[in-house]
Amino acid sequence: MKLKNVLLILALSMFVILGGCSKPVDNHDDDHDHNHGHEEEHSHGEEGHAHGEYEWIGEFELKAGKYLFHFGASPDEAMDVGFIKMGDNVTDLDHHASHLMVTEKETIKQDSEFEAKPDYAYTFEMNEDHGHINFTIAEDGTYAIVTEHFPSESNMQIFDKNQVEILPVREHEGEGHSH
């Protein structure tokens, strides 16, 4: 009987240990120096690891090329934005996005340009009246763009190189936060 109890406890322990996230968000190039929050204290969330907050996810069909974020007036000085390239590695988009939003973020200034890398998050500096940030996509695909605030809060729009607005094929409300 004792052996059965020991085996049961071991089996349950392994289930708990292995039952966390099945895929980490961090699949970055080795030369990129981000601390993606997995070394931080994991006291957030019910599963024992950190989860970030976001309000919206838009899934976009994007071809490799240049794009423009256009913003209207924004009450916020900054907004966190993450990019997830959809694929077999993303089994739970909301969970994947919440992990992405706790990672260390590169700051992107208005009127600048950056390459939007999959599974990276950025902090966009916002202007009081309006703003523009250019970005490039290296590979065709469906990209989930995760935002700290709803796009309507800053009149966020995305345009292609021909100044045609790109609309999401799917939208999700996320885990909001208080302002």
* Consider residue 80 carefully, then state whether it is at negative phi and either of a type in the set (Lys, Arg) or out of contact with any strand residue (DSSP E or B) (no Cβ under 6 Å at 6 or more places or on another chain) (or both). => no
* Sort through 104, 128 and tell me the only one that's more than 21 Å from residue 163 (Cα to Cα) and free of Cβ contacts under 8 Å to residues at least 60 places away in the same chain. => 128
* For the range 155-179, enumerate the residues that are under 18 Å from residue 105 (Cβ atoms) and at pLDDT 95 or above. => 156
* Could you grab me the full set of residues in the range 124-149 that are out of contact with any His (no Cβ under 9 Å at 6 or more places or on another chain) and closer than 13 Å to residue 72 by Cβ? => 126, 127, 128, 129
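Just checking, how many residues over the range 114-166 are among the acidic types (Asp, Glu) and part of a strand (DSSP E or B)?
First, pick out the residues of the range 114-166 that are among the acidic types (Asp, Glu): 115, 119, 125, 128-129, 139-140, 148, 153, 160, 165.
Next cut, part of a strand (DSSP E or B) only: 115, 125, 160, 165.
Count: 4.
The values are calculated or read from the model by the stated rules, or taken from the named source; none is laboratory data. The model shown is predicted, which means the values in this text are computed figures rather than measured ones. We place every Cβ from the backbone using ideal geometry, glycine too, and count neighbours over all the protein chains shown.
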